[in-house]
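Since the structure comes first, as C-alpha cells, the remarks are kept for the end.
The values are calculated or read from the model by the stated rules, or taken from the named source; none is laboratory data. Model, not experiment: these values are computed from the prediction. Cβ coordinates were reconstructed from backbone atoms using ideal geometry, including for glycine residues, and neighbour counts include every protein chain displayed. Remember, those area values only see protein heavy atoms, side chains included, never the ligands or the DNA or RNA. Shrake-Rupley method; radii C 1.70, N 1.55, O 1.52, S 1.80 Å.
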Amino acid sequence: MKNIFKSFLAIATLSLAVSCSDDTQIPPFKPLIFSEDFPEAEINYNATFDFEGWTNFAETGTKLWIERDFNNDGYIQFSSFGSGQASNIGWAITPAITIGEDANAVLAFSSASNFVDNPANKLEVFISTDFDGTNVLAATWTQLDAVVADNTTNNYTYIPSGEIDLSAYTGTVHIAFKVTGNGTTLDGLFQVDKVKVYSNN
C-alpha cells in the first residue's frame, strides 16, 4: 500500500511540474472589443442579412448581403449572380464599435469566395469614424490592408485576414465589408465570418 501511495505521489508531483513549466503557459488573454460569429441558431437561411445593429446597403443594383450556414457554421454572403444588373455593390457594416484610448486595437476576420473569375469582382474592407449609422455614402471610408478571398482562392476555402492594425483609431468606428460585382461577368460570391476586434495589449 505504501509503495502504491509513493508511486501516486511521484506521478502527481511530476504532473504539477510539467503543468507549471514555461513551455505550457497559457497564452496571454486579449480582451474582445467586438465579436460577431453569425451563430447558426440566429441564421435565417438565404434571408436578407438583418442582424441587429448591422447595416446592409446596396450602393448600386438591388442585391444585398444574405444569411447562410453550412456544417453548423453561420456566415454572411454577397453574390450578384442572376441580378441581370450592370453593377452590384453591396455593403455589410458593423454596429458602432467603441475603441478605448489605450486599446491598441486589432481587427481579424475570415473570408471565402467561389466562382470568382475576374479580379474586378472583389471584396474590400473599410473603416469609418464618422458613419452615422444611416448615410453610408456620406461617410468617410478608409480602406484597410487585409488579406481577403479573391479570384485566386475560390472553392469556399476560408482564409484569415491577418491582424489588421487599428491602433490609430479610438472612439466610435464602423467596419465595412464591400463587394463589387454585376449580373454578367462579375457574378462570383464572397463570404465573411468570425469578425473580431480586440485589444492587442
Please identify the pairs in which a residue from the stretch 121-133 that is free of Cβ contacts under 8 Å to residues at least 12 places away in the same chain has its Cβ atom under 8 Å from the Cβ atom of a residue that is surrounded by fewer than 19 Cβ atoms within 10 Å (Cβ to Cβ), counting only partners at least 6 apart or on another chain.
Asp130/Ala139; Asp130/Thr140; Asp132/Ala138; Asp132/Ala139
Lone unmet requirement of (1) in contact (Cβ under 8 Å) with a residue 24 or more places away in the chain; (2) assigned to a loop (DSSP other than H, G, I, E, B); (3) out of contact with any Leu (no Cβ under 7 Å at 6 or more places or on another chain); (4) not hydroxyl-bearing (Ser, Thr, Tyr) for Asn46
(1)
Looking at the stretch 84-99 only, could you name the residues that are open to solvent by 30 Å² or more (accessible area, probe 1.4 Å) and farther than 22 Å from Lys194 by Cα?
Gly84, Gln85, Ala86, Ser87
Looking at the stretch 71-79, is at least one residue without any contact (Cβ under 8 Å) to a residue 12 or more places away in the chain, surrounded by fewer than 18 Cβ atoms within 10 Å (Cβ to Cβ) and not acidic (Asp, Glu)?
yes
Set Asp145, Asp187, Asp102: member being crowded, with 18+ Cβ neighbours inside 10 Å and of a type in the set (Asp, Glu):
Asp187
Evaluate the stretch 19-34: report whether one residue or more is modelled with pLDDT under 75, open to solvent by 40 Å² or more (accessible area, probe 1.4 Å), not in a loop (DSSP other than H, G, I, E, B) and not hydroxyl-bearing (Ser, Thr, Tyr).
yes
